[in-house]
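Written out below as structure tokens is the structure these notes cover.
Read-outs: derived from the displayed coordinates by stated rules, not from any lab. Everything quoted here is computed from the prediction, not taken from an experiment. Quick reminder, even Gly has a Cβ in these numbers, built from the backbone with ideal geometry, and neighbours come from all protein chains shown.
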Amino acid sequence: MLSRLTERGRDRIKHDPDRIMQVNIEIEDQGCRVISQYALLGRYDFATVIEAPDNAHMSRLAIDLGARGTIETETLPAEPTDLFIESMKGD
């Protein structure tokens, strides 16, 4: 998940940077797991690798996080390269 802080989100992080880790716990409470997270300089503010049971869980998570008004997200479903290679080989 790539995310950009909104003005409200930047203000929140400025005054309470530990909020980032609290959100990661909330992500886990929704059945997903934060694998790794990076603060970025540039177009996006954070890159977060999240493991979810399926795309439906990830969609609900992205909507929930975005509805708070503190971030805008872009989710990118991914699969391990070896599974991708096998799927490209066909039947």
**OP:** Please state, as a whole number in µm²/s, the translational diffusion coefficient that the Stokes-Einstein equation yields for region 2-88 at 10 °C and 1.306 mPa s, with Rh defined as the Kirkwood radius across alpha carbon pairs.
**Re:** 114 µm²/s
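Within region 40-91, which trypsin sites (Lys or Arg not before Pro) sit in a loop by DSSP and count at most 16 neighbouring Cβ atoms inside 10 Å? Can you show the working numbers first?
Details: sites: ARG43, ARG60, ARG68, LYS89; in loops: ARG43, ARG68, LYS89.
Passing sites in region 40-91 are ARG43, ARG68, LYS89.
For the residues LEU83, LEU61, what sequence is obtained by ranking on other C-beta atoms within 10 Å, fewest first?
Working: LEU83 9, LEU61 20.
By the 10 Å Cβ count, ascending: LEU83, LEU61.
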Original post:
Summing -39500 (n - 2.57) over the DSSP H runs of n ≥ 4 in the chain and dividing by its residue number, what mean residue ellipticity at 222 nm do you reach, to the nearest 500 deg cm²/dmol?
Top reply: -13500 deg cm²/dmol
Original post:
Taking 0.36 nm per intervening residue step and subtracting the Cα-Cα distance, what contour gain separates ILE25 from LYS89 on full extension?
Top reply: 19.2 nm
